[in-house]
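Report on the structure given below.
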Amino acid sequence: AQSVTQLDSQVPVFEEAPVELRCNYSSSVSVYLFWYVQYPNQGLQLLLKYLSGSTLVESINGFEAEFNKSQTSFHLRKPSVHISDTAEYFCAVVQGAQKLVFGQGTRLTINP
Amino acid sequence: ETGVTQSPTHLIKTRGQQVTLRCSSQSGHNTVSWYQQALGQGPQFIFQYYREEENGRGNFPPRFSGLQFPNYSSELNVNALELDDSALYLCASSSGTSGRNTDTQYFGPGTRLTVL
């Protein structure tokens with residue numbers, strides 16, 4: 001079974017600072033990876049995904065993630081965060097043909 | 001285009017009762033997946049429905065059951081509620097062939113279930 005590990009449960013950063021949220025996965029087959037964001041009291045929103053092709057994927061709000069097969073990682077980065085980026089971030093991998101397997105989540109807190 | 005909607009938003013039940021949660025999928029989507037998100041945890045897959053048939057199930061007991069209707073809306077039923085069933089229940093819809101999960105799943109806002 002595939003699994004996802006998010007190495008940090010909480011990440012506090014100052015506004016306009018860079019941030020990296022770490023995600024490692026376990027898989028011996030082709031992987032499809034996702035980052036979802038959950039704002040307080042809301043459902044999950046897709047941030048970005050890797051299915052194939054370029055290993056660097058970007059979202060419309062400045063986040064990017066790089067698929068690294070040798071390190072089995074899919075870390076999420078943003079060069080300069082805003083207060084509005086405060087949320088819970090979940091990394092997920094597709095298992096089989098039916099389901100998403102999520103990590104435990106990383107709570108990103110932006111301090112002014 | 002209407003997104004994924006869920007009802008009710010909040011629900012309080014007592015142990016042993018039964019509950020039905022509802023989900024309306026996004027327009028054009030034929031696949032619905034249900035997830036349970038306990039407090040402080042990532043979502044866990046319960047099951048998926050594709051064109052009214054169950055298309056995969058996670059590690060949940062049979063008292064968790066579901067339905068998908070011809071309009072692709074869906075219900076999650078939980079019998080004999082336990083305290084540990086308290087969680088946010090998320091519904092996600094997607095489009096595609098044979099319920100592939102490489103299709104993007106669009107999540108609803110969830111139903112917060114509290115079991116006392």
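If we restrict to alpha carbons, what Rg and Dmax does segment A:1-58 come to, in Å?
Reported Rg and Dmax, both Å: 13.5, 38.
Does segment A:72-112 come out rounded, prolate or oblate by the C-alpha gyration tensor, with a ≥ b ≥ c the root eigenvalues, rounded set by a/c under 1.5 and, if not, prolate when a/b is larger than b/c and oblate if not?
Values: a/c = 3.50, a/b = 2.34, b/c = 1.50.
Cα axes put segment A:72-112 in the prolate bin.
May I ask you to evaluate 6.51 cos²θ - 1.76 cosθ + 1.60, the Karplus curve with θ = phi - 60°, for each residue of segment B:41-54 and list the ³J(HN,Hα) values in order in whole Hz, giving x for glycine and proline?
Each residue's phi maps through the Karplus curve to give 10, x, x, 10, 5, 9, 6, 9, 10, 10, 6, 6, 10, 5 Hz.
Using a probe of 1.4 angstrom, how much of the accessible area of the protein assembly as shown is carbon and sulfur, in percent?
Numbers: 5210 of 10890 Å².
Whole-percent figure for carbon plus sulfur exposure: 48.
Just add up the charged neighbours of B:Gln37: K/R +1, D/E -1, any other residue whose Cβ is under 11 Å from the Cβ of B:Gln37. Write down the numbers at each step before the final one.
Values: positive: B:Arg112; negative: A:Glu88.
That works out to 0.
Tally Lys and Arg at +1 and Asp and Glu at -1 over the other residues with C-beta under 11 Å from the C-beta of B:Asn77: what net charge comes out? Kindly include the intermediate steps, with their values, before the conclusion.
On the way: positive: B:Arg22, B:Arg63; negative: B:Glu75.
Value of the local net charge: +1.
Translational D (Stokes-Einstein, µm²/s) of the protein assembly as shown at 4 °C and 1.567 mPa s when Rh comes from the Kirkwood sum over C-alpha pairs? Show your work: numbers first, answer last.
Numbers: Rh = 18.0 Å.
In µm²/s, the coefficient rounds to 72.
In the Gaussian network model of chain A, springs joining C-alpha atoms below 10 Å, which of A:Leu76, A:Leu33, A:Leu100 carries the largest mean-square fluctuation?
For chain A, modelled as a Gaussian network with Cα springs under 10 Å, the answer is A:Leu100.
Going from the alpha-carbon gyration tensor of chain B, what semi-axes, largest first and in whole Å, does one get by taking the root of 5 times each eigenvalue? Before the final figure, lay out each step's value.
Values: eigenvalues 105, 38, 33 Å².
Semi-axes from the Cα gyration tensor: 23, 14, 13 Å.
Add +1 for every Lys or Arg and -1 for every Asp or Glu among the other residues with Cβ under 11 Å from the Cβ of A:Leu33, and state the total. Could the numbers behind the result be given before it?
On the way: positive: A:Lys49, A:Lys69; negative: A:Glu66.
Once all neighbours under 11 Å are counted, the net charge is +1.
Take peptide B:37-43, look around each residue's Cβ out to 10 angstrom, count Cβ atoms belonging to other protein chains, and average those counts. Present the calculation step by step, with values, prior to reporting the outcome.
Numbers: counts 6, 0, 0, 5, 4, 15, 11.
Other-chain Cβ atoms within 10 Å of each residue's Cβ, averaged: 6.
Given chain A reduced to its alpha-carbon atoms as identical point scatterers, what log10 I(q)/I(0) does the Debye formula return at q = 0.12, 0.14 Å⁻¹?
For chain A, the Cα-only Debye profile gives -0.38, -0.51.
Sequence-distant or interchain residues sharing an amide H contact under 5 Å with B:Gly56, placed H: which?
B:Gln48
What's the average, rounded to a whole number, of partner chain beta-carbon atoms within 10 Å of each residue's beta-carbon in A:42-49?
Numbers: counts 4, 15, 12, 2, 5, 0, 0, 2.
Per-residue shielding by partner chains comes out at 5.
The values are calculated or read from the model by the stated rules, or taken from the named source; none is laboratory data. Please read all numbers here as calculations on a predicted model, not as lab measurements. Neighbour counts are summed over all protein chains in view; Cβ atoms, including those assigned to glycine, are modelled from backbone coordinates with ideal geometry. Each accessible area value is taken on the protein alone, full model and side chains, heavy atoms only, with ligands, DNA and RNA left out. Shrake-Rupley method; radii C 1.70, N 1.55, O 1.52, S 1.80 Å.
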